[in-house]
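Student: Before I ask anything, here is the structure I am working with.
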Amino acid sequence: MNVAASDKQLTSLLGNETLARLERLRLQPNRRKTNRTQGEHAAGKGGSSTEFADYRNYVPGDDVRFVDWNIFARLNRPFMKLYQYEEVMHVAILVDGSNSMNFEGKFERACQLAAALGLTALMGVERISAYVVGASGEPPTVMPPCSGRVSMRRLFDFFERAECGGDATIDSAVESMLRRHRGKGLAIIVSDFLTPASLARPFNLLYSAGMEIFALQVLGPTEIDPDLTGDLRLVDSEHGRTVDVSSIGELHGIYREHRERLEEHVRRQCRIRNGRFLSISSDAPLDWVLFDLLQRQGWLK
Amino acid sequence: MNPTGFLAPSFAWLFLLVIPLVIVYFLKLKRPRLTIPSLVLWHSVINDQRVNSPFQRFKKHLLLWLQLVILLSLIFAAMQPFLRGGPGSADNLPILIDCSASMAATDTAGGPTRLERAKERVEALIDGALPDRICLIAISDSARQLTEFTNNKRILSKALEKLTVRDVSGNLENGLRMAQALARRETITSVVLVSDGNFGGLETSANGQVIAPVDVELPFELKYERLETSARNMGITAFNARRQAAVGTDESLTSWNVFVRVDGSPAEETSGEVVLEQDGQEIGRQPIALEPGQSKRLVYSLESTGVSSLVARILADGFDGLDTDNKAFLRLPVSRSLFVWCDTELESYRHALEVFPGVVVYPGPTAAGQPDLFDLAITETTEKANPNLEASVRLVVGQIPEDLAELITTRTGSSPVVDWNRSSLLLQHVNLDNIEITDLPVRGEDVLDQHFREAGYQILATGRTGPLVLARHAPGRESYYLLFHTDRSNLPYRVGFPVLVKNAIDISQHAAGLAEVHGQSTRVLDARTLEPNQAYTVTGPGTSNQSFRTGPDGVLSGIPAPRVGIYRISGPDGPVATVGASVLDAGETSLASADEIVPRDEELRVGASSTTIDTDRPLWPTLAWIAFVVLLVEWWYFQSMTARVAG
């Protein structure tokens with residue numbers, strides 16, 4: 001985006017007030033898909049945290065340090081105390097940087113949302129990595145995994161410098177990301193999802209890689225409600241292909257049906273993989289999206 | 001019958017232009033390009049079954065369809081289609097246009113005249129009646145064929161444009177007879193009459209309808225389109241003068257009574273003033289107020305020496321529909337004695353003439369300087385036998401006209417008078433009962449009264465074997481023939497004889513205008529006797545100079561006077577007469593309107609219609625408008641589409 005932050009602003013993507021409010025929010029994945037690396041997420045029993053989880057029978061070989069001696073004194077049988085695991089969750093943020101996003105502020109809004117969601121992940125002491133995929137066949141722009149508050153500046157710089165352009169599809173973008181990404185966790189995909197290919201394959205790849213899918217669709221106002229009339233030759237921004245449409249004004253209703261059908265398709269693909277889906281307009285107020293819509297939809301807490 | 005037709009079906013070859021239009025459309029179709037993020041959604045929209053329905057496919061090429069509509073409309077317009085007006089439309093359509101005096105009337109102040117409105121109607125008929133061939137006929141006192149049967153609009157419009165009102169009464173019969181004559185050589189099924197319904201001889205039927213009876217059989221359907229009329233009018237319908245005193249000497253001061261009859265509208269009250277001018281000076285002014293349908297006679301007394309010109313004018317209060325009948329002219333003649341020639345052998349006549357004042361009898365001891373033209377000649381010689389004796393009125397005694405020699409002869413015998421025309425000017429108040437006549441006029445075998453009429457004679461009295469008294473009227477000349485000699489009858493010993501002579505004097509005085517003068521009405525100027533075989537030029541109002549020539553008898557007749565105004569007759573030595581012609585027609589002044597025309601066969605009554613007659617209607621203007629509107633729609637559609645894309 002090549003937009004430098006002003007002196008008073010920490011980043012050009014988000015205002016300071018927005019950043020302050022975001023620091024108090026955390027991502028809410030449906031399932032805890034964590035890694036063995038110790039982290040902040042309670043990932044099951046048998047961990048080494050201070051959070052008690054359960055008891056189990058003692059078996060030879062167990063570490064006697066975890067025997068509950070009080071119960072042993074009462075029952076004369078050894079029981080092992082189990083504690084929660086607190087493991088790190090990898091949050092991979094994939095931003096669609098194809099030409100189709102270069103309309104009506106879609107890419108800018110996608111970067112803002114990605115930066116905001118990345119910030120909440122950093123504040124939750126998660127490891128995050130970010131990918132901007134433009135042209136297919138070319139390596140994506142990658143922000144390597146990082147964590148902690150100290151990585152905030154790095155996150156913002158990455159999205160401020162992100163460029164848009166290319167013909168990459170979601171399919172190829174996910175494949176390209178998974179070639180570099182390691183670890184389970186959360187995959188946040190910010191795209192318009194206007195792709196002819198089926199989303200089943202890339203979503204299966206993510207699911208099998210242990211990633212929970214958060215799909216965030218960003219559409220322009222005219223994509224949601226096109227205001228066109230007459231006979232037109234529509235040109236695809238990514239491939240340059242054309243299609244002739246006559247009396248386009250009469251087709252708005254059918255177009256709307258197909259757009260809603262596409263949203264439902266993506267939502268269903270996410271839901272069957274225990275993921276989330278949300279579609280927003282690029283001209284929707286950012287604060288409303290972050291602090292109202294996403295919280296109401298359970299993405300943030 | 002096919003309800004539609006084409007005037008120019010040969011232009012159907014223009015339909016071939018559809019082929020290049022379609023080809024060019026698809027070759028040159030250039031849609032505005034619009035770059036969008038992705039075609040994914042639009043591909044799915046295009047592949048939707050609903051989008052590919054036939055109606056949607058039609059709309060896909062809406063511009064092409066609009067262009068085809070424009071082209072087809074223009075091609076059909078070029079083929080000049082028309083909608084037939086019904087069974088009344090025909091190949092040949094005579095249109096009778098009334099242009100009599102009443103057609104100069106306006107029904108609203110400052111509005112168009114009736115003739116102008118009639119022209120608009122006829123123009124619409126011409127526009128609508130094509131391809132029918134139309135013939136325009138103007139009706140006034142006579143019928144004039146303005147054009148031959150033609151479908152040339154330019155000729156018809158030009159003839160219609162030239163048509164003007166003639167200040168004469170309308171004679172519908174003449175127009176219908178002309179249409180009847182045209183129907184003999186052309187196929188005519190219907191005739192259109194455009195008029196205000198003011199014709200001569202209107203009558204009111206028992207049910208209160210105003211009818212115009214015409215003695216014509218109608219071999220066609222007459223469509224009577226009557227103009228809506230509502231004019232208020234007041235006009236002069238008679239303008240006469242009568243000498244008060246006995247005939248005096250030449251150039252003496254003579255008193256006259258002048259009579260002006262003013263008629264008003266049959267439906268409205270009218271009022272105004274009647275002004276009388278003598279030689280340009282106003283000599284009388286009388287107010288007049290008329291009830292609906294009322295007429296009044298105004299009397300003015302004046303004195304004149306020599307020739308005097310009178311003009312009567314109406315100054316109407318408020319709106320007056322017809323201007324031309326508000327003015328009338330009268331010319332008072334020179335006061336002089338009546339010049340009578342009476343053969344010296346006709347002692348009984350000379351004796352009877354002596355008692356009448358103002359009569360100078362030639363030859364005689366008191367008659368000095370024999371005039372060239374006598375007012376009355378009582379003679380035993382016919383005109384042919386004595387051509388040197390010229391007289392306005394000739395009473396021939398005991399002679400048979402030369403042209404009737406084969407029809408009748410005179411024998412000696414006795415015959416009473418069987419019957420006579422008691423209303424004739426010569427024999428009025430003359431009792432011919434028990435008159436013994438020793439001359440016996442005998443008509444030839446198989447000679448009927450009709451043969452005398454065909455020869456131009458009117459039988460005034462009839463005996464057992466043939467006519468006894470004949471009359472012949474010619475312009476400027478009146479002749480009466482007593483086929484028996486009065487000296488060989490006991491008529492001179494009866495009371496009727498001086499009455500007969502007095503009647504002859506009255507006829508002569510009227511002919512010479514010495515006793516009573518009447519205003520000259522328009523149509524044809526009264527005949528007058530001038531130099532024989534001489535060319536004269538007549539200049540009238542609104543007309544160019546017309547030349548006429550007198551015959552051997554010196555009678556100048558047949559001068560048309562279609563307009564109200566002064567007509568000047570000039571000879572080689574300068575002006576010889578000035579005559580003022582006026583409408584003087586109560587029918588025209590009343591502006592009455594016939595509701596029905598009743599022909600000879602009364603079952604074929606023709607009612608008036610105030611609506612425009614349905615005729616063939618050309619459709620090409622409609623098609624041209626459709627093409628224009630579609631062109632605008634296409635332009636708007638194209639522009640709005642471009643604007644949207646640009647926006």
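The values are calculated or read from the model by the stated rules, or taken from the named source; none is laboratory data. In this text, all values refer to a predicted model and were calculated from it rather than measured experimentally. So basically every Cβ, Gly included, is an ideal-geometry build from the backbone, and we count neighbours across all protein chains shown. When the accessible area is computed, the model is the full protein with side chains, heavy atoms only, and any ligands, DNA or RNA have been set aside. Shrake-Rupley method; radii C 1.70, N 1.55, O 1.52, S 1.80 Å.
Student: Can you name the condition, by its number, that residue A:212 falls short on among (1) more than 10 Å from every other protein chain (Cβ to nearest Cβ); (2) open to solvent by less than 30 Å² (accessible area, probe 1.4 Å); (3) modelled with pLDDT under 90?
Tutor: In the conditions (1) more than 10 Å from every other protein chain (Cβ to nearest Cβ); (2) open to solvent by less than 30 Å² (accessible area, probe 1.4 Å); (3) modelled with pLDDT under 90, residue A:212 misses (3) alone.
Student: When you scan the stretch B:10-50, how many residues do you find that are more than 7 Å from chain A (Cβ to nearest Cβ) and either among the hydrophobic types (A, V, I, L, M, F, W, C) or in contact with a strand residue (DSSP E or B) (Cβ under 8 Å, 6 or more places away or on another chain) (or both)?
Tutor: Residues flagged as more than 7 Å from chain A (Cβ to nearest Cβ) and either among the hydrophobic types (A, V, I, L, M, F, W, C) or in contact with a strand residue (DSSP E or B) (Cβ under 8 Å, 6 or more places away or on another chain) (or both) within the stretch B:10-50 amount to 16.
Student: Moving on. Taking into account only those residues within the stretch B:625-637 that are surrounded by 16 or more Cβ atoms within 10 Å (Cβ to Cβ) and more than 8 Å from chain A (Cβ to nearest Cβ), which is modelled with the lowest pLDDT?
Tutor: Looking at residues that are surrounded by 16 or more Cβ atoms within 10 Å (Cβ to Cβ) and more than 8 Å from chain A (Cβ to nearest Cβ), I get B:634.
Student: Scan B:124, B:109 and give me the residue that is more than 16 Å from the chain's Cα centre (by Cα), in a loop (DSSP other than H, G, I, E, B) and touching a residue at least 40 places away in the same chain (Cβ under 8 Å).
Tutor: Result of the check over B:124, B:109: B:109.
Student: Looking only at residues that are small (Gly, Ala, Ser) and open to solvent by 20 Å² or more (accessible area, probe 1.4 Å) in the stretch A:71-130, which one is farthest from the chain's Cα centre (by Cα)?
Tutor: A:73
Student: Restricting to the stretch B:188-206, count the residues that are surrounded by fewer than 23 Cβ atoms within 10 Å (Cβ to Cβ) and under 14 Å from the mean Cα position of the chain (by Cα).
Tutor: First, the residues of the stretch B:188-206 that are surrounded by fewer than 23 Cβ atoms within 10 Å (Cβ to Cβ): B:188-190, B:200-206.
If we keep only those that are under 14 Å from the mean Cα position of the chain (by Cα) as well, we get B:200-201.
Residues in the stretch B:188-206 being surrounded by fewer than 23 Cβ atoms within 10 Å (Cβ to Cβ) and under 14 Å from the mean Cα position of the chain (by Cα): 2 in total.
Student: Say we look at the stretch A:196-209 and pick out the residues that are touching a strand residue (DSSP E or B) at 6+ places or on another chain (Cβ under 9 Å) and open to solvent by 10 Å² or more (accessible area, probe 1.4 Å); which of these is farthest from the other protein chains (Cβ to nearest Cβ)?
Tutor: Among those residues, the one meeting the criterion is A:209.
Student: OK, next. Quick test for you: out of A:165, A:183, pick the one residue that is open to solvent by 20 Å² or more (accessible area, probe 1.4 Å), part of a loop (DSSP other than H, G, I, E, B), within 14 Å of another protein chain (Cβ to nearest Cβ) and at positive phi. So that I can check it myself, show each step before the final result.
Tutor: Details: A:183 fails: within 14 Å of another protein chain (Cβ to nearest Cβ).
The conditions single out A:165.
Student: Output the residue which, of all residues in the stretch B:407-432 that are over 40 Å from the mean Cα position of the chain (by Cα) and open to solvent by 70 Å² or more (accessible area, probe 1.4 Å), is farthest from residue B:464 (Cα to Cα).
Tutor: Per the criteria, the residue is B:431.
Student: Please list, ordered by first then second residue, the pairs with beta carbon atoms under 9 Å, 6 or more apart or interchain, first in the stretch B:297-311 and farther than 18 Å from residue B:577 by Cα, second basic (Lys, Arg) and open to solvent by 70 Å² or more (accessible area, probe 1.4 Å).
Tutor: Between residues of the stretch B:297-311 that are farther than 18 Å from residue B:577 by Cα and residues that are basic (Lys, Arg) and open to solvent by 70 Å² or more (accessible area, probe 1.4 Å), the close pairs are B:297/B:261; B:298/B:261.
Student: Sticking with this one: Search the stretch A:235-247 for residues that are facing another protein chain (nearest Cβ under 7 Å) and open to solvent by less than 10 Å² (accessible area, probe 1.4 Å) and pair each with any residue that is outside any strand (DSSP E or B) and among the aromatic types (Phe, Trp, Tyr) when their beta-carbon atoms are under 9 Å apart and the residues are at least 6 apart or on different chains.
Tutor: Here the result reads A:245/B:42, each pair linking the stretch A:235-247 to a residue that is outside any strand (DSSP E or B) and among the aromatic types (Phe, Trp, Tyr).
Student: Which residues, counting only those in the stretch B:447-458, are aliphatic (A, V, I, L, M) and open to solvent by 40 Å² or more (accessible area, probe 1.4 Å)?
Tutor: B:448, the sole residue that qualifies.
Student: Let me ask another. Which residues, counting only those in the stretch B:520-538, are open to solvent by less than 20 Å² (accessible area, probe 1.4 Å) and not hydroxyl-bearing (Ser, Thr, Tyr)?
Tutor: Scanning the stretch B:520-538 gives B:520, B:525, B:538.
Student: Right, next: Which one is farthest from residue A:201 (Cα to Cα), of the residues in the stretch A:274-298 that are open to solvent by less than 50 Å² (accessible area, probe 1.4 Å) and under 14 Å from the mean Cα position of the chain (by Cα)?
Tutor: Going through the qualifying residues, I end up with A:290.
Student: Please go through the stretch A:221-234 and pick out each residue that is within 7 Å of chain B (Cβ to nearest Cβ) and within 25 Å of residue A:107 (Cα to Cα).
Tutor: Those that are within 7 Å of chain B (Cβ to nearest Cβ) and within 25 Å of residue A:107 (Cα to Cα): A:223, A:228, A:233, A:234.
Student: Across the stretch B:138-168, what is the number of residues that are part of a strand (DSSP E or B), of a type in the set (A, V, I, L, M, F, W, C) and surrounded by fewer than 22 Cβ atoms within 10 Å (Cβ to Cβ)?
Tutor: Counting residues in the stretch B:138-168 that are part of a strand (DSSP E or B), of a type in the set (A, V, I, L, M, F, W, C) and surrounded by fewer than 22 Cβ atoms within 10 Å (Cβ to Cβ) gives 1.
Student: Consider only pairs whose beta carbons are under 9 Å apart and that are at least six residues apart or on different chains; among these, list those whose first residue lies in the stretch B:419-431 and is farther than 11 Å from residue B:496 by Cα and whose second residue is open to solvent by 20 Å² or more (accessible area, probe 1.4 Å) and part of a loop (DSSP other than H, G, I, E, B).
Tutor: Hits for this filter: B:421/B:428; B:422/B:428; B:422/B:429.
Student: Taking residue A:157, is it over 25 Å from residue A:89 (Cβ atoms) and among the acidic types (Asp, Glu)?
Tutor: Answer is no for this residue.
Student: I've got another one for you. Kindly establish whether residue A:229 is open to solvent by less than 20 Å² (accessible area, probe 1.4 Å), in a loop (DSSP other than H, G, I, E, B) and polar (S, T, N, Q).
Tutor: Details: open to solvent by less than 20 Å² (accessible area, probe 1.4 Å): no; in a loop (DSSP other than H, G, I, E, B): yes; polar (S, T, N, Q): yes.
Considered against the rule, which asks whether it is open to solvent by less than 20 Å² (accessible area, probe 1.4 Å), in a loop (DSSP other than H, G, I, E, B) and polar (S, T, N, Q), residue A:229 comes out as no.
Student: Looking at the stretch B:541-556, which of the residues that are at pLDDT below 85 and hydroxyl-bearing (Ser, Thr, Tyr) is surrounded by the fewest Cβ atoms within 10 Å (Cβ to Cβ)?
Tutor: Top of the filtered list is B:544.
Student: Which count do you get for residues in the stretch B:197-223 that are touching a residue at least 12 places away in the same chain (Cβ under 8 Å) and not in a loop (DSSP other than H, G, I, E, B)?
Tutor: Number of matching residues: 7.
Student: Need at least 2 residues that are aromatic (Phe, Trp, Tyr) per element, so show me which strands (runs of 3 or more DSSP E) inside the stretch B:474-569 make the cut, counting only ones lying wholly within it.
Tutor: Where strands (runs of 3 or more DSSP E) fall fully within the stretch B:474-569 and carry at least 2 residues being aromatic (Phe, Trp, Tyr), they are B:477-482.
Student: Here's another thing I want to ask about it. Of all residues in the stretch A:248-266 being more than 10 Å from every other protein chain (Cβ to nearest Cβ) and free of Cβ contacts under 8 Å to residues at least 24 places away in the same chain, which is least open to solvent (accessible area, probe 1.4 Å)?
Tutor: Per the criteria, the residue is A:264.
Student: Suppose we filter the stretch B:275-307 for residues that are open to solvent by less than 60 Å² (accessible area, probe 1.4 Å) and among the hydroxyl-bearing types (Ser, Thr, Tyr); how many remain?
Tutor: Number of matching residues: 3.
Student: Within the stretch B:389-405, can one find any residue that is of a type outside the set (Gly, Ala, Ser), surrounded by fewer than 16 Cβ atoms within 10 Å (Cβ to Cβ) and assigned to a loop (DSSP other than H, G, I, E, B)?
Tutor: Within the stretch B:389-405, not a single residue is of a type outside the set (Gly, Ala, Ser), surrounded by fewer than 16 Cβ atoms within 10 Å (Cβ to Cβ) and assigned to a loop (DSSP other than H, G, I, E, B).
Student: Please enumerate the residues belonging to the stretch B:470-485 that are surrounded by fewer than 20 Cβ atoms within 10 Å (Cβ to Cβ) and under 20 Å from residue B:416 (Cβ atoms).
Tutor: Answer for the stretch B:470-485, where residues must be surrounded by fewer than 20 Cβ atoms within 10 Å (Cβ to Cβ) and under 20 Å from residue B:416 (Cβ atoms): just B:485.
Student: Among residues belonging to the stretch B:260-274 that are assigned to a strand (DSSP E or B) and open to solvent by less than 60 Å² (accessible area, probe 1.4 Å), point out the one that is farthest from residue B:309 (Cα to Cα).
Tutor: B:270
Student: Of the numbered conditions (1) touching a Gly at 6+ places or on another chain (Cβ under 6 Å); (2) part of a loop (DSSP other than H, G, I, E, B), residue B:230 satisfies every one except a single condition; which is it?
Tutor: Of the numbered conditions (1) touching a Gly at 6+ places or on another chain (Cβ under 6 Å); (2) part of a loop (DSSP other than H, G, I, E, B), the odd one out for residue B:230 is (1).
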